[in-house]
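Colleague: Just passing along the structure, written as structure tokens.
The values are calculated or read from the model by the stated rules, or taken from the named source; none is laboratory data. Because the structure is a prediction, the values reported are computed rather than measured. Positions of Cβ are backbone-derived with ideal geometry, glycine not excepted, and every protein chain shown enters the neighbour counts. The accessibility values were calculated without ligands, DNA or RNA, using every heavy atom of the protein model including side chains. Shrake-Rupley method; radii C 1.70, N 1.55, O 1.52, S 1.80 Å.
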Amino acid sequence: MASEIAAKAQNAFVDDDFESAADLYTQAIELNPNDADLFADRAQANIKLGYFTEAVADANKAIELDPSMAKAYLRKGTAFLKLEEYYSAKATLEKGSSLANDERFSKLIKECEELIAENCDLGSSESNTVIQLSDRNSENLKVAVEQQNGTHQRKEISAVNSKYRHAFFQKPEEVVVTIFAKGVPANNVTIDFGEQILSVTIDVPSEDVYHFQPRLFGKIVPDKCRYEVLSTKIEIRLAKAEPINWTTLEYTTAAVVPPKITSTTESYRPTYPSSKPKRVDWDKLEAQVKKEEKEEKLDGDAALNKFFGDIYKNADEDMRRAMNKSFIESNGTVLSTDWKDVGSKEVVGSPPDGMELKKW
């Protein structure tokens, strides 16, 4: 039965109906999950659809089932090349070339070498590190495709991928991905890092396998990436190859605002208030206050109070005594500065015209 479906898939592929071919290969894989050829052929269909990370996963599974399958290395190397992971592509193709005398390997290896040289000239930060991406359950990936703005986009992945929720946040130098998987043993988690690929597999006995393998928004440095399996989550730290802002976690072909280069870590260093006391220039401060008081314009009672205040401030001791005595004894109706006049007698209140003085 699987062979019949595979034959239909091959016919669909020849007719350039790559979506149907991929779906048919998936059906055949469900019936015969140990057939390396089915995975290698679905990898080719995924390459035609533009699903390069899925193609890498399928090729890995084919290699796992049959390490001597040259065409699986060819598909994997081609997918890496499309993902612009030139070092990984070259290493994969060289391995495949050692298994089969096929001029396609030589041609693609030469292309990789030219692209690597070109990127080196441009100051590329690619790391000469090859990471083998694992995928023990590629057969669970069921991809549906929709046409939008002239490009294919993945619309849906089978329910096993929605088992765990994930989120991410970023810093200038790294992106932190969190997969909310509670109570998962560390030995049931496999995580690999590529130049622009993150591969996560959670394989818990008696449960469907969870597989998350996005092509990342930007490139990372695999050697500096790390992860930790905690009691309630899996925390993955991706070291950015460049200090740019990731607008999304996954790579997109949609038009986006050019990434803004974030400032260096140095600019993020917090500043703290100094414990050293600051010296205050009191003479300068007093002069400033006097200037402001002098220039201040007042009206009504405020102006009158300021006038008497200035008199009191500049008066001698006798004048101040006279002002206090006359103001208090007259209930605020008389203000005298002549101590000789008011010092020896009680000052009688003198209310304004039309008003009556009352004692309380």
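Colleague: FRET efficiency for Ser106 and Ser68, Cβ-Cβ distance as r, R0 = 22 Å, nearest 0.05?
Modeller: On the way: r = 19 Å, r/R0 = 0.87.
So, using R0 = 22 Å, E works out to roughly 0.70.
Colleague: Oh, and also: Could you check how much of the accessible area of the stretch 1-62 is carbon and sulfur, as a whole percent, using a 1.4 Å probe?
Modeller: Numbers: 1120 of 2540 Å².
Roughly 44 percent of what the probe reaches on the stretch 1-62 is carbon or sulfur.
Colleague: What does the C-alpha gyration tensor say about the overall shape of the stretch 154-253? Classify as rounded when a/c is under 1.5, otherwise prolate if a/b is larger than b/c, or oblate.
Modeller: prolate
Colleague: Give me the distance in nm between label points sitting 7 Å out from Cα along the Cα-to-Cβ direction at Ala2 and Asp318, one decimal.
Modeller: In this crude label model, Ala2 to Asp318 measures out at 12.4 nm.
Colleague: Moving to a separate point now. What's the extension gain from Asp15 to Leu335 if we count 0.36 nm per residue and subtract their Cα-Cα distance? Working shown, then result.
Modeller: On the way: separation 320, 0.36 × 320 = 115.20 nm, distance 11.29 nm.
Answer, rounded to one decimal: 103.9 nm.
Colleague: Could you let me know the centre-to-centre spacing of the stretch 1-52 and the stretch 61-99, using Cα atoms, in angstrom?
Modeller: Between the Cα centres of the stretch 1-52 and the stretch 61-99 lies a distance of 18 Å.
Colleague: Hey, another quick one. Using +1 at the C-beta of Lys and Arg and -1 at the C-beta of Asp and Glu, which of Ile202, Pro185, Gln170 has the Cα lying farthest in the positive direction of the dipole of the stretch 157-216?
Modeller: Gln170
Colleague: Once label points are set 7 Å from the Cα along Cα→Cβ at both Lys48 and Lys182, what is their separation, rounded to one decimal in nm?
Modeller: Result for the modelled spin labels: 4.5 nm.
Colleague: Using 23 Å as the Cα-Cα cut-off, could you pick out the over-long pairs in Lys76/Lys163; Lys61/Lys182; Lys71/Lys107; Lys61/Lys82; Lys82/Lys233; Lys291/Lys325? Kindly include the intermediate steps, with their values, before the conclusion.
Modeller: On the way: Lys76/Lys163 27 Å; Lys61/Lys182 27 Å; Lys71/Lys107 15 Å; Lys61/Lys82 19 Å; Lys82/Lys233 32 Å; Lys291/Lys325 32 Å.
Listed pairs above 23 Å: Lys76/Lys163; Lys61/Lys182; Lys82/Lys233; Lys291/Lys325.
Colleague: Moving to a separate point now. In nm, to one decimal, how far is the Asn119 label point from the Ala287 one, both placed 7 Å along Cα→Cβ?
Modeller: 6.6
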